[in-house]
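Inspection log for the structure reproduced underneath, given as structure tokens.
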Amino acid sequence: MTTVTPEQIPAIVAEAKQAAFEAANKFFQERLGGQDQYSCGFAWTTIYGVKGNTRLGKALAREGVTKAYGGGLQLWNPSGLHCQNIDTKEVGADAAAKVFQKYGFRAYSGSRLD
């Protein structure tokens, strides 16, 4: 379990989104040559062990983290990169999950083809 306070959440989410964007953009430029090609899909980062009705859960919600259908809380397309390539989006979601893990959250990336 994490010892993060609700006041730290905006900075953590911003760090996760920035790491996701940098990783996804690097992949998109270097591996795909800036071309939106190949398989299309979606990716997200899910945080487990935090209930949405707690102070921590409400702080995450204020930063755009929503309730996940299968349980947990979810940050959809954390990179914010406007492309359809699933590999690019997965790289971003993985990077965001690693930032949350660094702060003690149980976080994982997920994806699906479109």
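The values are calculated or read from the model by the stated rules, or taken from the named source; none is laboratory data. These numbers come from a predicted model, not from an experiment. Glycine also receives a Cβ, built like all others from the backbone with ideal geometry; neighbour counts cover every protein chain displayed. Note: areas computed on protein heavy atoms with side chains; ligands, DNA, RNA excluded. Shrake-Rupley method; radii C 1.70, N 1.55, O 1.52, S 1.80 Å.
Below, the figures for the structure above:
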quantity	calculated
In segment 1-18, residue nearest to Trp76 (Cα to Cα) [restricted to those that are among the small types (Gly, Ala, Ser) and open to solvent by 30 Å² or more (accessible area, probe 1.4 Å)]	Ala14
Pair list, Cβ under 7 Å, 6 or more apart: segment 59-70 residue closer than 15 Å to Gly49 by Cβ and surrounded by 15 or more Cβ atoms within 10 Å (Cβ to Cβ), other residue at pLDDT 95 or above and of a type in the set (S, T, N, Q)	Val65/Gln74; Ala68/Thr46; Ala68/Gln74
Filter result for Ala23 (at pLDDT 95 or above, assigned to a strand (DSSP E or B) and either open to solvent by less than 60 Å² (accessible area, probe 1.4 Å) or of a type in the set (Lys, Arg) (or both))	no
Single unsatisfied condition, Pro78 versus (1) surrounded by fewer than 13 Cβ atoms within 10 Å (Cβ to Cβ); (2) touching a residue at least 60 places away in the same chain (Cβ under 8 Å)	(1)
Phe42 vs. criteria open to solvent by 40 Å² or more (accessible area, probe 1.4 Å) and among the aromatic types (Phe, Trp, Tyr)	yes
Among the residues listed as Ala107, Ala95, the single one being touching a Gly at 6+ places or on another chain (Cβ under 9 Å), closer than 22 Å to Ala11 by Cβ and among the aliphatic types (A, V, I, L, M)	Ala107
Verdict on Gly110 being at pLDDT 95 or above, surrounded by fewer than 20 Cβ atoms within 10 Å (Cβ to Cβ) and either within 13 Å of Ala23 (Cβ to Cβ) or within 12 Å of the chain's Cα centre (by Cα) (or both)	yes
Residue count, segment 81-107 (criterion: open to solvent by less than 20 Å² (accessible area, probe 1.4 Å) and either part of a strand (DSSP E or B) or free of Cβ contacts under 8 Å to residues at least 40 places away in the same chain (or both))	2
